[in-house]
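Below is one structure, written out as structure tokens, with a few remarks after it.
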Amino acid sequence: MDFSSEIHEECGVFAVYSNKPTAVASTVYYGLFALQHRGQESCGIVVNDDGIFRTYKDTGIVNDVFTPQVLQDLGNGNMAIGHVRYSTTGDSDRINAQPIVVNHIKGRLALAHNGNLVNTDTLKEELELNGAIFHMTSDTEVISYLIIKERLTAASIEEAINRAMDKLVGAYSLVIMSPSKLIAVRDPKGFRPLCYGITPDGRYIVASESCALDAVGARLIRDVEPGEILVIDKNGVSSIKDHCGKEKHSKCIFEYIYFARPDSVIDGYSVHEARIRSGIFLALEHSVDADIVIGVPDSGIDAAIGYARESGIPYGIGLVKNKYIGRTFISPGQESREDKVHIKLNPIPSVVKGKRVVLIDDSIVRGTTSRRIVELLREAGALEIHMRVSAPPFINPCYYGTDVDSKENLIANHHTVEEIAKMIGADSLGFLNPEYVTYLNGSKNTNCYCTACFGGKYPTKTKDEYKAVSDYSKKLSERI
Ligand code: SF4
């Protein structure tokens, strides 16, 4: 995750199924560690030891929360699920940490969720009117209530999930654990990634990104299909595909540009290669005479390599990142956010001094961080700074599990490219052309991606539109 940026992840999920009791908590720990870039506010693991669920979750990063003692106390089991969280819906406190565990009349359920629903308010209202009491402010609890409600009459947990999916609208990649089954679910539009694999000793792994499979030595089998319910139990792997192929896919293109780790492969395409291509596209559309191309570490590096490769301008390491500092967004105020940039990023004067520099970053949201980076490079002696951004300008918020900001805070909403260049102090500025963003991963099917934060065409009703319908129905029922 690029600490210099101003947008944050959604969440990450991980799960393991083993036919015999093993140290599943440790496996999940390593998997979550690999997914830490998807959320750093809280994390949790639930171990299933022959139907007995043991849970530990807390605020903080994986390495701090899961001490050797905590992992030992979680003990062995034949299944476990885990979650890393960045709060997108709900407050960031301990109560919203996941996975959540729910006892119901037919057993027990643990669930971890990546993504955001857009019809949470409507669903929550319906459930509350039927007596449900919610403890969390995130929509994950709503999903679990819906599943449990359906479980009362469904023949199996997977059938209950299948029915609940009829009501869910928005982004959800889920790992769900019943006493005897591990279930992975991806929403019919496939907003957020989800894949599964197998370790050499036969344990099945489900994860948000393939880099987490690599971390535990698992081989990627395939991505969970949009709309698929994948069931893993003592009989092996089976799937329900009633919701597959019924809706147009809207996979988040921003996973390739920014959210995912470059060593991940999502839906068959390498994130690293997609970023290299974004740099190539930038060099083709926004060429400039310059002496060196540098990237803002970490997520501007791949695109910088692509830009250098296409333009023939040498690539150099002009900025060094302090790997041990917290994230930019932790700063409570605008002023301290800017001050922290220098603590986190330091230019190498011998690389940039007297040079015309092409600076590549993956996004400009509010512009404050970019302005400070440009300043730092000038202080280090750069003659010219030509900023190139490997994403199109953000003009709309995201409703699907990321915190791409409200319109008011998005600099591209109020200013032209020339104005932004002036505001951040760059000699020139070029963004990735929104028309080419779906070509990044080399896929021939460019029609299966969500690009709403760049283009404004939302693939579902927005949260506000659902809320408006719900408010209208409420008022109507009060009148009749
Ligand atoms: S709005 Fe943007 S960040 Fe959100 S899912 Fe769509 S492409 Fe991804």
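Checked against the criterion of being open to solvent by less than 10 Å² (accessible area, probe 1.4 Å), within 16 Å of the ligand (Cβ to nearest atom) and either on the phi > 0 side of the Ramachandran plot or touching a residue at least 24 places away in the same chain (Cβ under 8 Å) (or both), the candidates 389, 374, 357, 352 yield just one match: 389.
For the stretch 398-409, which residues satisfy the criterion of being within 12 Å of the ligand (Cβ to nearest atom) and at pLDDT below 90?
Filtering the stretch 398-409 for residues within 12 Å of the ligand (Cβ to nearest atom) gives 398-405.
Of everything in the stretch 398-409, those that are within 12 Å of the ligand (Cβ to nearest atom) and at pLDDT below 90 turn out to be 401, 402, 403, 404, 405.
Condition check: in contact with a strand residue (DSSP E or B) (Cβ under 7 Å, 6 or more places away or on another chain) and of a type in the set (Asp, Glu). Does residue 435 satisfy that?
Working: in contact with a strand residue (DSSP E or B) (Cβ under 7 Å, 6 or more places away or on another chain): no; of a type in the set (Asp, Glu): yes.
It is false that residue 435 is in contact with a strand residue (DSSP E or B) (Cβ under 7 Å, 6 or more places away or on another chain) and of a type in the set (Asp, Glu).
With respect to the conditions (1) farther than 18 Å from residue 73 by Cβ; (2) free of Cβ contacts under 8 Å to residues at least 60 places away in the same chain, residue 37 lacks only one, and its number is (2).
So how many residues does the stretch 82-97 have that are modelled with pLDDT under 95 and open to solvent by less than 40 Å² (accessible area, probe 1.4 Å)?
At the first step, the residues of the stretch 82-97 found to be modelled with pLDDT under 95 are 85-97.
Remaining after also requiring open to solvent by less than 40 Å² (accessible area, probe 1.4 Å): 85-87, 89-90, 96-97.
The number of residues fulfilling the criteria is 7.
Run down 305, 257, 280 and say which single residue is in a helix (DSSP H, G or I), among the aliphatic types (A, V, I, L, M) and touching a residue at least 40 places away in the same chain (Cβ under 8 Å). Lay out the reasoning, then the answer.
Values: 305 fails: touching a residue at least 40 places away in the same chain (Cβ under 8 Å); 280 fails: touching a residue at least 40 places away in the same chain (Cβ under 8 Å).
Going through 305, 257, 280 in turn, just one is in a helix (DSSP H, G or I), among the aliphatic types (A, V, I, L, M) and touching a residue at least 40 places away in the same chain (Cβ under 8 Å): 257.
Residue under question is residue 426, and the condition is that it be of a type in the set (A, V, I, L, M) and either more than 16 Å from the ligand (Cβ to nearest atom) or open to solvent by 20 Å² or more (accessible area, probe 1.4 Å) (or both); does it hold? Spelling it out, residue 426 is indeed of a type in the set (A, V, I, L, M) and either more than 16 Å from the ligand (Cβ to nearest atom) or open to solvent by 20 Å² or more (accessible area, probe 1.4 Å) (or both).
So, in the stretch 241-251, exactly how many residues are open to solvent by 20 Å² or more (accessible area, probe 1.4 Å) and within 15 Å of the ligand (Cβ to nearest atom)?
Start the filter on the stretch 241-251 by keeping residues that are open to solvent by 20 Å² or more (accessible area, probe 1.4 Å), which leaves 241-249, 251.
Add one more test, that the residue is within 15 Å of the ligand (Cβ to nearest atom), and what stays is 247-249, 251.
Result for the stretch 241-251: 4.
The values are calculated or read from the model by the stated rules, or taken from the named source; none is laboratory data. Because the structure is a prediction, the values reported are computed rather than measured. All Cβ positions, even for glycine, are placed from backbone atoms using ideal geometry, and neighbour counts span all protein chains on display. Side chains are part of the model used for accessible areas, which takes the heavy atoms of the whole protein and leaves out ligands, DNA and RNA. Shrake-Rupley method; radii C 1.70, N 1.55, O 1.52, S 1.80 Å.
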